[in-house]
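Data first, discussion second: the structure below is written as structure tokens.
The values are calculated or read from the model by the stated rules, or taken from the named source; none is laboratory data. Given the structure is predicted, the values throughout are model-derived calculations rather than measurements. FYI the Cβ positions are ideal-geometry reconstructions off the backbone, even for glycines, and counts take in every protein chain you see. In case anyone asks, the SASA skips ligands and DNA or RNA and just uses the protein heavy atoms, side chains included. Shrake-Rupley method; radii C 1.70, N 1.55, O 1.52, S 1.80 Å.
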Amino acid sequence: MKILILSCNTGGGHNSAALAVQEALHERGAWAEIVDPLSFAGDAAKEAASNLYNSIIRNVPRAFGVIYRVGELADSALPKSPVYMANALYADKLLAYIRRENIDAVVSTHLYGMEAMTAIRKKLGERVPNYGVLTDYTCIPFFSDTQLDGYFIPHRDLRGELAAKGIDEKLMYDTGIPVSARFSQRLGQSEARERLDLPRRGAVYLVMTGEVGCGRADELCDELIARETGDFTACVMVGRNEKMRDMLIERYGQDGHIRPIEYTREVNIYMNAADALITKPGGLSSTEAAAARVPLVHLITIPGCEEKNAAFFEARGLSHKTESMREAARLAVELAHDSQAGAAMRARQAEEINPHAARDIAEIVYEQLGMKEA
């Protein structure tokens, strides 16, 4: 079986979900390739979209909130979706690729891919089995444009919200957001710390700033230093943000408390080592944290869907949320030192979040296409 996975490089979450689905499909013996749908619009369009998004998120995150809310208004007010029309422009080239490569089905982890596949069906009249993966705990603007064969949604409680936007409940699958299998393959805390050369004693805090490295990590570190009275280590994931890494090294030197961590594939091990995690509430990173069962504090830095992700998690006891760095540090220190509170949050994460969503998505795609495992 040949599966095309469509994802865009606008933040790391969509690509991480795509990689998780690819991993699960490969486990079943399928051929699965990840492609950016904007590449069919030309390299310039693909690079421009990625650079613009990453620049806004890193430098002026509140501007993204304005854009998101404009999108919500436009979604309900405009007779035709500008997002659909833009992605329909390259649908013929995408269809030509699907035909040339003899693709059996398409799975999209980004709205752009879903819109392009919808255009293939509506505009070009071609029915290629295709599915969408929703990577936030809300129905994002223009999601209702899409006409797909199935929707893999983050949680059963989102069915009503999606149905209200016109998505057929019969096409919804409550799989959860797909994350790599390594997040459910948990190490003991002591073993994880030994693997990462972290102190065996004292609290370990993990601070995640997203793949592009956004937010004022130094302010959060100052707040942790002010509130943690014992030995501790704060591992700060700076992603690919070299300026943030250099700033943290210059500010804190080699004091041992603050450790900048560049882009790594061992995020799951850092989660296993940590007593508490502070992160922006991306849908994918939040799901990874819950799959790894780490006490979680959401620090909201980007308005829009991330606010809704944080609200969804807090309402179910999966995290705490705040917009204050001081409060985020206080909540993290409390979770690190209150074993009962940490255990209760872990238990709620185990009840509400499916760590095997990628495997379940692969299984459903196989069943839908009438295929058997290789």
Considering (1) in contact with a helix residue (DSSP H, G or I) (Cβ under 8 Å, 6 or more places away or on another chain); (2) modelled with pLDDT of 95 or more; (3) not in a strand (DSSP E or B), say which one Tyr205 fails and leave the rest.
-> (3)
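Tally time: how many residues in the stretch 304-321 are open to solvent by 10 Å² or more (accessible area, probe 1.4 Å) and modelled with pLDDT under 95?
Keep residues of the stretch 304-321 that are open to solvent by 10 Å² or more (accessible area, probe 1.4 Å), which gives 305-308, 311-312, 314-317, 320-321.
Next, only the ones that are modelled with pLDDT under 95 stay: 305-308.
Qualifying residue count for the region: 4.
Among the candidates Glu250, Glu266, Glu223, Glu228, single out the residue that is under 30 Å from Asn15 (Cβ atoms), among the acidic types (Asp, Glu) and open to solvent by 10 Å² or more (accessible area, probe 1.4 Å). Lay out the reasoning, then the answer.
Numbers: Glu250 fails: under 30 Å from Asn15 (Cβ atoms); Glu223 fails: under 30 Å from Asn15 (Cβ atoms); Glu228 fails: under 30 Å from Asn15 (Cβ atoms).
Sole residue among the options that is under 30 Å from Asn15 (Cβ atoms), among the acidic types (Asp, Glu) and open to solvent by 10 Å² or more (accessible area, probe 1.4 Å): Glu266.
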Qualifying positions in the stretch 91-114 - in contact with a Pro (Cβ under 6 Å, 6 or more places away or on another chain) and in a helix (DSSP H, G or I) | Tyr112, Gly113
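Just checking, which of Ala336, Ala328, Ala344 is within 25 Å of Thr233 (Cβ to Cβ), touching a Ser or Thr at 6+ places or on another chain (Cβ under 7 Å) and small (Gly, Ala, Ser)? Spell out how you get there, then give the answer.
Details: Ala336 fails: touching a Ser or Thr at 6+ places or on another chain (Cβ under 7 Å); Ala344 fails: touching a Ser or Thr at 6+ places or on another chain (Cβ under 7 Å).
Step by step, each of Ala336, Ala328, Ala344 is checked, and only Ala328 is within 25 Å of Thr233 (Cβ to Cβ), touching a Ser or Thr at 6+ places or on another chain (Cβ under 7 Å) and small (Gly, Ala, Ser).
Out of all the residues in the stretch 334-374, which are charged (D, E, K, R), at pLDDT 95 or above and over 20 Å from Tyr151 (Cβ atoms)?
Result: Glu334, Asp338, Arg346, Arg348, Glu351.
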Residues of the stretch 322-337 satisfying the condition of being under 24 Å from Arg186 (Cα atoms), surrounded by fewer than 18 Cβ atoms within 10 Å (Cβ to Cβ) and in contact with a helix residue (DSSP H, G or I) (Cβ under 9 Å, 6 or more places away or on another chain) = Glu334
Of everything in the stretch 164-190 that's without any contact (Cβ under 8 Å) to a residue 40 or more places away in the chain, more than 20 Å from Asn309 (Cβ to Cβ) and not in a loop (DSSP other than H, G, I, E, B), which residue is farthest from the chain's Cα centre (by Cα)?
-> Ser190
Yes/no for Thr287 being at pLDDT below 95 and under 26 Å from His110 (Cα atoms) | no
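Which of the residues spanning the stretch 133-150 are closer than 23 Å to Gln368 by Cα and either in contact (Cβ under 8 Å) with a residue 60 or more places away in the chain or in contact with a Phe, Trp or Tyr (Cβ under 7 Å, 6 or more places away or on another chain) (or both)? Give the steps one after another, and end with the answer.
Start the filter on the stretch 133-150 by keeping residues that are closer than 23 Å to Gln368 by Cα, which leaves 133-135, 143-150.
Scanning the stretch 133-150 gives Val133, Leu134, Thr135, Ser144, Asp145, Leu148, Asp149, Gly150.
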